[in-house]
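The next block holds one structure in the form of structure tokens; read it before the comments.
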Amino acid sequence: MNAVTGTADDVDGFVVVGASLAGLRAVESARRAGYRGRITLIGAEEHLPYDRPPLSKAFLTGPDTPVYLATEAALRDDLGVDLRLGQRVTALHPDEGVVAAGGGLVPYQRLLIATGARARTLHPLPVLPGVVTLRSLDDARAIRAALGRARRVVVVGGGFIGAEIASSARTLGASVTIVEAAPTPLVRAVGEVVGAALCVMHERYGTELRCGVQVSELIGRDHVEGVLLANGQIVPADLVVVGVGALPATGWLAGSGVELDQRDGAVVCDEYLQTSVDGVYAAGDLVRWPNAVFGSSMRLENWTSAAEQGTRAAVNALVPARRAPYASVPYFWSDWYGQRIQFVGTAQADSVVFVSGDPAADRFVALLRRGDRLVGAATLNEPSKIMKYRRFIAQDDGWAAASAFSRDGGQPVRP
Amino acid sequence: MRIVVDRARCSGIGICESLDPSHFEIGDDGALMLLSDIAAEDDDTVLEAVRSCPALALSVQPE
């Protein structure tokens, strides 16, 4: 072990599979932590790591200018990364310490799995031209082009991606209908009360929202012409965007010995983000791990946790002296119709209290309570408040502290 | 070192405030306020906040 940095000097060969946010943060973090061995970053897409949040928002309504998170020179020259783009990793063989990629084998001593998630589809409904999902930059380019022509858009799924795409389509002047199978959208992400409150915005900005109804058929021969709902109604459409969630992109790990969650294929990790296989770590959307802040296991699909997990997993894999559990209060944000939504914590709560505004208002602060604890906070257009509540969530007396803070008008208490 | 905010990029997401409330705070209008734009060269908390900006709006310059 290196006495100065605490890195394991006998380790030479850190392979990161997945060149998006978590993978990028991992290679940056490895170098910053003093790791001097070889690093290989393998990405299935041809693109340099790019920023995904704009793909459902500004990228659809503005110029075709993706935001890249790093330059090729920064990766190859500054960080000394062996960058392999356009290579899909197809298998992991832990006994031999290799992954199969691009027709060859890449040896590793420490491995980070960061292949993210893939968009769920309406399978077994057949794929028809004009029916699209959004996950990658190439997907976003296709939707962006289609939105330029579309007059009637149906978005299947009222979650965050669906709502953001609906908002973008409205901005471009299309008539938009969201079809959501659940009675209320967003229940898993923010709970029923906050989900219903946020969806008030759809009506306010002219998007039709139909809840509690499934899509039973996609209508059209050469191109989609509409969707048939389970209640017999037909909604005409020249573009159908399917936003019904994402599943861990872990098919390539089948049979590798890495434990996957039977329900969704997530990679099961310990609190250090190590998988069931020694020396193999994971980060990002595909990770299920025990989050000590809440005493429960979680899988998160958001920017913040992908960045944090990539950073932490690399250190844990390569620097034994700085190994630490990953525990975090989740945070995500979304923008609909130019309005800023922010959420911290978890939606697994007993009750919800609006401490400012109300569910129909164009700005509010809602606190989510479980027992004596503040477990979550949701805001609409209250950007100065949200991070103050994030701090209370990690505290045992968080509900009392948050209540006192909100009674003071939510102003920061300064010494 | 001095903290620099690219106002054209910043959208008030607030991860900087969460990591280092002594330097960063989001105002009611959603704009980032720098409570102090000066930090020690080895202030890892500031550097982490700068690195963690989802909008790539933060940087540091030598004084």
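The values are calculated or read from the model by the stated rules, or taken from the named source; none is laboratory data. Because the structure is predicted, anything quoted here is derived from the model rather than measured. Don't worry about glycine lacking a Cβ; one is built from the backbone with ideal geometry, like all the others, and counts go over all protein chains shown.
Okay, here's what the table says:
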quantity	calculated
Qualifying positions in segment B:9-28 - within 7 Å of another protein chain (Cβ to nearest Cβ) and in a helix (DSSP H, G or I)	B:I15, B:E17, B:S18
Residue count, segment B:3-45 (criterion: over 23 Å from A:F392 (Cβ atoms) and surrounded by 13 or more Cβ atoms within 10 Å (Cβ to Cβ))	11
Residue among A:R135, A:R141, A:R110, A:R120 that alone is modelled with pLDDT of 95 or more, within 25 Å of the chain's Cα centre (by Cα), over 30 Å from A:E217 (Cα atoms) and of a type in the set (D, E, K, R)	A:R110
Flag if B:I38 is of a type in the set (V, I, T) and more than 25 Å from A:G310 (Cβ to Cβ)	yes
Conditions (1) surrounded by 20 or more Cβ atoms within 10 Å (Cβ to Cβ); (2) in a strand (DSSP E or B): number failed by A:V353	(1)
Qualifying residues in segment A:42-96 (those that are farther than 26 Å from A:W252 by Cα and of a type in the set (F, W, Y)) - the one nearest to the other protein chains (Cβ to nearest Cβ)	A:Y68
Test for B:L56: is it assigned to a loop (DSSP other than H, G, I, E, B) and of a type in the set (A, V, I, L, M)	yes
Matching residues in segment A:357-395 - criterion: being among the small types (G, A, S), more than 15 Å from B:I26 (Cα to Cα) and assigned to a loop (DSSP other than H, G, I, E, B)	A:G357, A:A360, A:A361, A:G371, A:A394
Helices (runs of 4 or more DSSP H) lying entirely in segment A:147-242 (those with 2 or more residues that are β-branched (V, I, T) and in contact with a strand residue (DSSP E or B) (Cβ under 9 Å, 6 or more places away or on another chain))	A:160-171, A:192-204
Qualifying positions in segment A:376-395 - more than 8 Å from chain B (Cβ to nearest Cβ) and among the aliphatic types (A, V, I, L, M)	A:A377, A:A378, A:L380, A:I393, A:A394
Exclusive hit being in contact with an Asp or Glu (Cβ under 7 Å, 6 or more places away or on another chain) and over 19 Å from A:L229 (Cβ atoms), set A:G148, A:G116, A:G103, A:G130	A:G116
For B:E41: the one exception among (1) within 13 Å of chain A (Cβ to nearest Cβ); (2) over 25 Å from A:D335 (Cβ atoms); (3) not basic (K, R)	(1)
Looking only at segment A:309-331, and only at residues there that are within 11 Å of another protein chain (Cβ to nearest Cβ) and in contact (Cβ under 8 Å) with a residue 60 or more places away in the chain, the one that is surrounded by the most Cβ atoms within 10 Å (Cβ to Cβ)	A:T311
Candidates A:A74, A:A101, A:A117, A:A44 - the one that is under 16 Å from A:W303 (Cβ atoms) and among the hydrophobic types (A, V, I, L, M, F, W, C)	A:A117
Number of the exception - A:A74 against (1) in the same structural domain as A:A283 (by TED's automatic domain parsing); (2) touching a Phe, Trp or Tyr at 6+ places or on another chain (Cβ under 9 Å); (3) among the aliphatic types (A, V, I, L, M)	(2)
Residue in segment A:273-281 that is crowded, with 20+ Cβ neighbours inside 10 Å, within 30 Å of A:V131 (Cβ to Cβ) and more than 14 Å from every other protein chain (Cβ to nearest Cβ) present	no
